Amino acid sequence: MKYRSVFDIIGPVMIGPSSSHTAGAARIGRVARKLFGGTPKKADITLYGSFAETYKGHGTDVALVAGILNFGTDDPRLPQALEMAREQGMAVHFEADRETHPDHPNTVRLRLSNEQNTLEAVGVSIGGGKIEIIEVDGFSISLTGSNPALLVLHRDKYGAVAEAAGLIAKYEMNISYMEVSRHEKGHTAMMVIQTDEEISEGLAAEIAALPNMLQVAVLS
């Protein structure tokens, strides 16, 4: 990833100690929460690579849970996130997988669930507080969280992508990035659409009402 300024290298305003292991982890947790749609009842978290080796010393465990609780990287409550999660009735389980070797050493898999919903997301912290979500519910994607985005689970049918893009054009919004991931032709697929402008609830509702759309999540 290219850095646009010295502040990208220094990292964000944050509760330390590490921009990659703490701030990046908090951002991964927060994006997962937004995709899930709120605070889960249970969070199963698997850490890989450097995260698995140092997650307690660098506060990665605390930061991930803080993000799931919707705390920002500079929130003074971040160090108390594990205790606050317990107080809110959220069960958290950590597993350090030292046998699997992912492409990036700062990798984490989060499985969030409650009585109605589940979400599984894989994120990487790439330095300076920057992150990338590389998988959601088994679909390979690329989502940085730096731009407003729509994640649309849909049936893999002719015209589904064009209809969603047409509604975005109707709202006079510019698409800065778009990709479609699918497991098998003709079954389900996931669109990731990043835009230059914030995505309104009205647009999200119109896309959700289109034929073949199964689930729509907005990341602002």
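Some observations on this one:
- Breaking point among (1) of a type in the set (A, V, I, L, M, F, W, C); (2) more than 25 Å from residue 23 (Cα to Cα); (3) surrounded by fewer than 17 Cβ atoms within 10 Å (Cβ to Cβ), for residue 164: (3)
- The set of residues in the range 79-105 being assigned to a loop (DSSP other than H, G, I, E, B) and polar (S, T, N, Q) consists of 88, 100.
- Residue that is nearest to residue 200 (Cα to Cα) [pool: residues in the range 139-156 that are assigned to a loop (DSSP other than H, G, I, E, B) and modelled with pLDDT under 95]: 148
- Only listed residue being part of a strand (DSSP E or B) and either under 21 Å from residue 33 (Cβ atoms) or among the hydrophobic types (A, V, I, L, M, F, W, C) (or both), chosen from 168, 207, 133: 133
- Search result, residues across the range 170-190 that are more than 21 Å from residue 144 (Cα to Cα) and surrounded by 11 or more Cβ atoms within 10 Å (Cβ to Cβ): 171, 183, 188
- Subset of the range 196-207 (residues that are more than 17 Å from the chain's Cα centre (by Cα) and buried (at least 17 other Cβ atoms within 10 Å of the Cβ)): 203, 206, 207
- Those residues of the range 38-78 which are touching a strand residue (DSSP E or B) at 6+ places or on another chain (Cβ under 7 Å) and not in a helix (DSSP H, G or I), in sequence order: 40, 41, 42, 43, 44, 45, 46, 47, 48, 55
- Residue in the range 102-115 that is closer than 21 Å to residue 216 by Cα, aliphatic (A, V, I, L, M) and at pLDDT 95 or above present: yes
- Among residues that are touching a strand residue (DSSP E or B) at 6+ places or on another chain (Cβ under 7 Å), buried (at least 17 other Cβ atoms within 10 Å of the Cβ), part of a loop (DSSP other than H, G, I, E, B) and not assigned by TED's automatic domain parsing to the domain that holds residue 106, residue 193 is not included.
The values are calculated or read from the model by the stated rules, or taken from the named source; none is laboratory data. Not measured: the values here are computed from a predicted model. In this analysis, Cβ positions are derived from the backbone assuming ideal geometry, glycine residues included, and neighbour counts consider all displayed protein chains.
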